[in-house]
1. Can you order the peptides 124-137, 211-224 by their average number of other Cβ atoms within 10 Å per residue, highest first?
2. Calculated FRET efficiency, residue 145 and residue 22, Cβ-Cβ r, R0 30 Å, to nearest 0.05?
3. Send over the Kirkwood Rh of the stretch 103-143, from the inverse of the averaged 1/r over different Cα pairs, rounded to one decimal Å.
4. Could you let me know the centre-to-centre spacing of the stretch 21-42 and the stretch 96-152, using Cα atoms, in angstrom?
5. Determine ³J(HN,Hα), in whole Hz, for all residues of the stretch 191-196 in sequence, where each value follows from phi through the Karplus function 6.51 cos²θ - 1.76 cosθ + 1.60 and θ = phi - 60°; x replaces Gly and Pro.
6. Taking every alpha carbon pair in the stretch 168-234, what does the distance histogram look like in 5 angstrom bins from 0, in percent?
7. Under a 5 Å amide H to amide H cut-off, with H placed in plane at 1.01 Å, what residues pair with residue 89 once short-range neighbours are removed?
8. Along the Cα-to-Cβ line of residue 138, 7 Å from the Cα, sits a label point; which residues in the stretch 45-63 have backbone N less than 12 Å from it?
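Quick note: the coordinates plus some simple rules give every number you see, no bench work behind them. Model, not experiment: these values are computed from the prediction. Virtual Cβ from ideal backbone geometry, glycine too; neighbours counted across all protein chains shown.
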Amino acid sequence: MDNISLNMVFTLSGFKELKANKYTYFVLILIAYLSIILFNLIVIVTIILERALHEPMYIFLCNLCFNGLYGSAGFYPKFLSDLINDVNFISYNGCLLQIFIIYSYGMCEYSTLMMMAYDRFVAICKPLEYHMKMTSQTIGRLILFSWSFPFLTVFGGIMLTSRMQLCGSHIDKLYCDNWSIVKLTCAPTTIINNVYGFFVILSAIAQGLFVVYSYIRLINACRKSKENKNKFMQTCVPHLLSLINFTIAILFDVMFSRYESRNFPKGLRDFLQLEFVIITPLSNPIIYGLKLTEIRKRVFRQYKEPKIKDSLHTKKR
């Protein structure tokens, strides 16, 4: 990494169109960020405090909510600060850090959704083997994998990107991404970079194929049993909704980053590129909180119990 790159400052051109209504956008984005923090913390705290929820499915959901908070922290504070202060610059190191957080968040999200698909597959297709397969050690290893694999993979990609000599500093987005920096390089990408990128894509495809295989088996099992059908509707539907939402968001981001379609309005293009850091962390706790009966009941119970105690205390007085 040369000194020129270290001292470089990138321009994020996506902010130009937001300045006219920056206070409106600031309030809306701030509300979205606070909602993400609130809803994810409600689910996390509920799962941690309720011993009845210390089961694999809920533990993986807790991990998903933690990841939502982690990924949001890589985007929202910087974005809100730049929006209110009319700043559209980011340092080279700050850009690499943002890439690391957002990319590792995306990979961890997909890894966790894959683990949740495996958990539902064992629970419905092999119920007699569930407690033997989904032990505390297995859960710990899966969660460790869901964080360590994205961290190591993204770190390797960041190291390869940092070796490139850059001949530009203009990023046509609201945040940093690896492809935007690659397009600023002075020379074509090396074979190592291409091979590494191919490996990352293959790993993502492999996880996606595993999820598809799991759901094919799940659907076949549910067609034969009414009980399995109820389990599928109760626990698999929210997982499927989260998976579809996240996959669509990632596809939009990749499509616009690589092909730069100018036929889309700029505002719509920015929103679709930001969907996986805005909609996904907000929708996950809402979808699971509303659909999973055990979480919904315990959240409402924790909310109502203090009110009941206060009313009883008032009556005694």
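1. Final packing ranking: 211-224, 124-137.
2. 0.15
3. On the way: mean 1/r = 0.0921 Å⁻¹.
So the Kirkwood estimate lands at 10.9 Å.
4. Cα centroid to Cα centroid, the span is 28 Å.
5. 4, 4, 4, 5, 5, 5
6. 3, 13, 13, 11, 11, 9, 8, 8, 8, 8, 4, 2, 0
7. For residue 89, whose amide H was placed from the backbone, the distant partners under 5 Å are 12.
8. Those under the cut-off are 56-57.
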